[in-house]
Structures are given as C-alpha cells and as structure tokens.
Amino acid sequence: MRPGEWQDSHYQVLSCHEDCRPARWGATIAALCSGAFTLAAAGLLDGRRATTYWRLLDALAAAAPAAQIERDVLYVGDGPVLTSAGVVGGLDLCLHLARRDHGVDVAAALARRLVMSPVREGGQAQYVPAPAQHRPDQPGVAATMDWAMSERTFHRVFVAATGTTPGRWLVAQRVRQAQRLLETSDLSVERVAERSGLGAPANLRRRMRSVLGVSPATYRRAFRSP
C-alpha cells in the first residue's frame with residue numbers, strides 16, 4: 001500500500017501521511033508491539049493511553065511525551081486507537097477486536113485455531129516476575145507438593161500466572177458465558193443468569209455493569225446475532 005492510501009475496511013493500516021484523516025473519521029487503528037512508534041510519529045497517541053513491548057516502554061514515553069504510557073497491560077484501547085505489548089499481546093488485542101465486533105463464539109473459534117487462550121484481559125501484566133517452580137517428576141514428591149500447596153499458595157501462584165485472582169477470573173468467565181448466551185439465544189435474563197453460573201438476574205445485571213458497563217438487555221440489543 002503506497003503512503004497516503006488506506007484499505008477499504010473497518011480496520012485501517014496507518015501510513016502516517018495525509019494528516020491521519022482516518023483517525024478523525026472514526027476508523028479503528030491498532031498497532032502491535034513496536035508499531036506503537038508509528039502511531040507516536042503520527043501524533044495519534046497524544047493525550048491517549050498506550051502501551052508497547054515492555055523493553056520499549058521508556059523509548060515510547062520519550063517518543064510520545066503527551067501520551068499516557070500503560071506499563072502493566074497486554075493491550076489498551078483509547079477511543080479508536082489501540083496498542084499492544086509484544087507479539088503475543090498483539091494476538092490478544094486481535095482476539096479482543098474479533099470478540100468486540102463479531103462475538104464471543106467467533107473469537108473462541110479463532111483462539112482454538114491459533115491454539116491460544118480465548119481470553120486474556122488487557123489489564124493482565126505483560127510478564128510473570130516470579131514463575132512457578134519446577135514440579136519434580138517423582139510421583140511421591142509431586143504428590144507431597146500437591147498436598148502442601150495451601151489455599152494461600154494457590155492464590156499467589158494463580159495471580160502470578162494469570163494476572164488476576166481466582167475469584168475475578170471465575171466471574172469474568174461467567175460474564176463471558178452470559179455474553180455468549182445473550183448474543184446467540186432467546187433465553188430470558190433469568191435463564192441466562194442461571195446457565196452462566198451467576199444465579200439471580202440481579203447478580204447478572206450487577207456483574208455485567210461492573211465488567212462491561214451495560215445491562216444484559218442493552219448488551220443483547222447491541223450484539224444479538226441475527
């Protein structure tokens with residue numbers, strides 16, 4: 001694609017020419033890993049939250065002094081402009097866009113095809129500062145370690161591995177199941193709450209407002225599959 005040209009699609013590839021008009025038109029512009037520096041050069045990160053690969057965060061802060069650099073996220077979106085951490089964080093961002101625009105089923109199918117986790121929230125840390133210790137192959141020692149792994153230890157290791165607590169992770173999975181049911185079925189809000197493990201409709205509404213900022217009815221109207 002020559003400088004100044006843009007693909008005719010919902011997602012745009014930035015060429016840093018012609019005053020970045022597509023950004024003003026409302027096109028979604030995503031930069032993966034060090035691609036954030038292209039957006040910085042175009043001035044698209046000014047006044048926005050942004051991130052990049054963790055080794056390049058200081059360099060990005062220098063290249064885009066008017067941006068708010070997020071240092072502990074996999075990806076971040078601010079308006080129509082999205083940026084990601086390293087290459088794998090870029091895949092998480094792409095799955096986020098697929099889930100946002102095409103629904104959880106499409107995103108899950110794509111994740112299976114890529115052999116990756118369907119969801120890693122954007123706020124998860126970029127890397128694990130203290131990875132879990134090696135588990136010995138000897139059955140006796142391994143069984144003892146399993147027995148000795150207390151609730152507190154499990155909580156700590158889970159947070160280190162996923163970037164969130166077991167409780168928050170479980171709520172996120174239940175909300176995601178509720179999203180899928182709202183998108184793909186005619187089940188009542190009461191049944192969606194039951195099938196997603198959230199119990200009462202009031203709890204479903206509270207969790208969806210907390211996680212997504214909308215009610216189940218509003219979400220269904222916006223994302224219901226034909």
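Cβ separations smaller than 8 Å between residues 6+ apart or across chains give the following pairs from the range 66-77 residues that are in contact (Cβ under 8 Å) with a residue 12 or more places away in the chain to residues that are open to solvent by 60 Å² or more (accessible area, probe 1.4 Å) and among the acidic types (Asp, Glu): ALA66/ASP46; ALA67/ASP46; LEU74/GLU121. Here LEU93 passes the criteria (1) modelled with pLDDT under 80; (2) touching a Gly at 6+ places or on another chain (Cβ under 8 Å) except the one numbered (1).
When GLY123 is tested against (1) modelled with pLDDT of 85 or more; (2) exposed (fewer than 15 other Cβ atoms within 10 Å of the Cβ); (3) touching a strand residue (DSSP E or B) at 6+ places or on another chain (Cβ under 9 Å), exactly one condition is not met: (1).
Within the range 90-103, the set of residues being out of contact with any Cys (no Cβ under 7 Å at 6 or more places or on another chain) and open to solvent by less than 10 Å² (accessible area, probe 1.4 Å) comprises ASP92, LEU93, LEU95, GLY103.
The rows are residues; the columns are (1) more than 16 Å from LEU170 (Cβ to Cβ); (2) touching a residue at least 12 places away in the same chain (Cβ under 8 Å); (3) in contact with a strand residue (DSSP E or B) (Cβ under 6 Å, 6 or more places away or on another chain).
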site	(1), (2), (3)
LEU182	yes, yes, no
ALA193	no, yes, no
SER196	no, yes, no
GLY199	no, no, no
ASN203	no, no, no
MET208	no, yes, no
PRO216	yes, yes, no
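Residues considered: ALA31, ALA67. Of these, the only one that is over 24 Å from THR164 (Cβ atoms) and modelled with pLDDT of 95 or more is ALA67. In this structure, does VAL81 turn out to be modelled with pLDDT of 90 or more and of a type in the set (Val, Ile, Thr)? In short, yes. A Cβ distance below 6 Å, combined with a sequence gap of six or more or placement on separate chains, defines the contacts here; from the range 159-175, residues that are in contact (Cβ under 8 Å) with a residue 40 or more places away in the chain and under 10 Å from GLY197 (Cα atoms) reach no residue that is of a type in the set (S, T, N, Q) and open to solvent by 60 Å² or more (accessible area, probe 1.4 Å).
The values are calculated or read from the model by the stated rules, or taken from the named source; none is laboratory data. Just so you know, these numbers come straight off a predicted model, no measurement behind them. No Cβ is skipped: glycine too gets one built from the backbone with ideal geometry, and neighbour counts run over all protein chains shown. What goes into the accessible areas is simple: the full protein's heavy atoms, side chains included, and nothing from ligands, DNA or RNA. Shrake-Rupley method; radii C 1.70, N 1.55, O 1.52, S 1.80 Å.
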